[in-house]
1. Hey, could you check the range 142-155 for residues that are open to solvent by 60 Å² or more (accessible area, probe 1.4 Å) and under 16 Å from ILE175 (Cα atoms) and say which is nearest to the chain's Cα centre (by Cα)?
2. Of these, ILE109, ILE105, ILE101, ILE89, which one is β-branched (Val, Ile, Thr) and farther than 25 Å from LYS173 by Cβ?
3. Could you go through the range 2-9 and let me know if any residue there is surrounded by fewer than 13 Cβ atoms within 10 Å (Cβ to Cβ), modelled with pLDDT of 90 or more and at negative phi.
4. When you scan the range 173-185, do you find a residue that is at pLDDT 95 or above, hydroxyl-bearing (Ser, Thr, Tyr) and open to solvent by less than 80 Å² (accessible area, probe 1.4 Å), even just one?
5. Please determine whether any residue of the range 98-119 is among the β-branched types (Val, Ile, Thr), assigned to a loop (DSSP other than H, G, I, E, B) and surrounded by fewer than 23 Cβ atoms within 10 Å (Cβ to Cβ).
6. Would you mention how many residues in the range 19-38 are open to solvent by 60 Å² or more (accessible area, probe 1.4 Å) and either at pLDDT 65 or above or touching a strand residue (DSSP E or B) at 6+ places or on another chain (Cβ under 8 Å) (or both)?
7. Of the residues SER158, SER139, which is under 18 Å from LYS39 (Cα atoms) and surrounded by 14 or more Cβ atoms within 10 Å (Cβ to Cβ)?
8. Which residue pairs have Cβ atoms under 7 Å apart, sit 6 or more places apart or on different chains, and have a first residue in the range 84-107 that is closer than 19 Å to VAL58 by Cα and a second that is β-branched (Val, Ile, Thr) and modelled with pLDDT under 95?
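The values are calculated or read from the model by the stated rules, or taken from the named source; none is laboratory data. Predicted, not measured: the structure shown is a model, and the values here were computed from it. Ideal geometry is used to build each Cβ from the backbone, glycine not excepted, and the neighbour counts take in all protein chains shown. Keep in mind that these areas ignore ligands, DNA and RNA; they rest on the heavy atoms of the full protein, side chains included. Shrake-Rupley method; radii C 1.70, N 1.55, O 1.52, S 1.80 Å.
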Amino acid sequence: MENKQVCPWWMGYFLLNPVRRISHKPEQILQPYLQPGMKTVDFGCAMGYFSLPMARMVGKGGSVYCFDIQQKMLSKLTSRALKHGLSDIIKPILINNESDIYKNIKESIDFVLLFAVAHEVPDQQKLFTDLAMMMKPGSLMLFAEPAGHVSQREFEQSIKYAGQAGLEKAEEKTINRSMSTLLRKRQV
């Protein structure tokens, strides 16, 4: 997945800035959805701003599959996970052109975080189809895009793609400086 809108790897350091916690506190945003032992996905994880808190929340019995298209982002995430004693929980996965990259976690994921990244993906229809394929029926996805960077029309189009992939709105979600919603994979 190549796109000229992809956040350059070096911007990952700005995404880790502690000042970001003023508007985006990972624990506060994710706490209602995560429990110990869950298998989760942080798609477009960058250097792990959300990934490490997710790992703490799911604990030793859980997993956080961290997908990104940039190896430099994943390398920094891996070193941060090691430093914080979370490397057994964090599972970095480089997205490439392999069609079977998601097959090992098909219908096994309890929660997906798709935070401020869908607008960077050239084929959002495929993105939502792939994510829905990983999710267990009834599992949740927190989907958020940056307000001001993504238009309301673009956000609504993304939600339509999610619906075509088998996801439905579970509840409205308010996240500072974001357009966001909680999606649920339909029961079969």
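1. HIS149
2. ILE101
3. No - not one qualifying residue is present in the range 2-9.
4. yes
5. Checked the range 98-119: at least one residue is among the β-branched types (Val, Ile, Thr), assigned to a loop (DSSP other than H, G, I, E, B) and surrounded by fewer than 23 Cβ atoms within 10 Å (Cβ to Cβ).
6. Here the count works out to 7.
7. The conditions single out SER139.
8. These pairs meet every condition: ILE93/ILE101.
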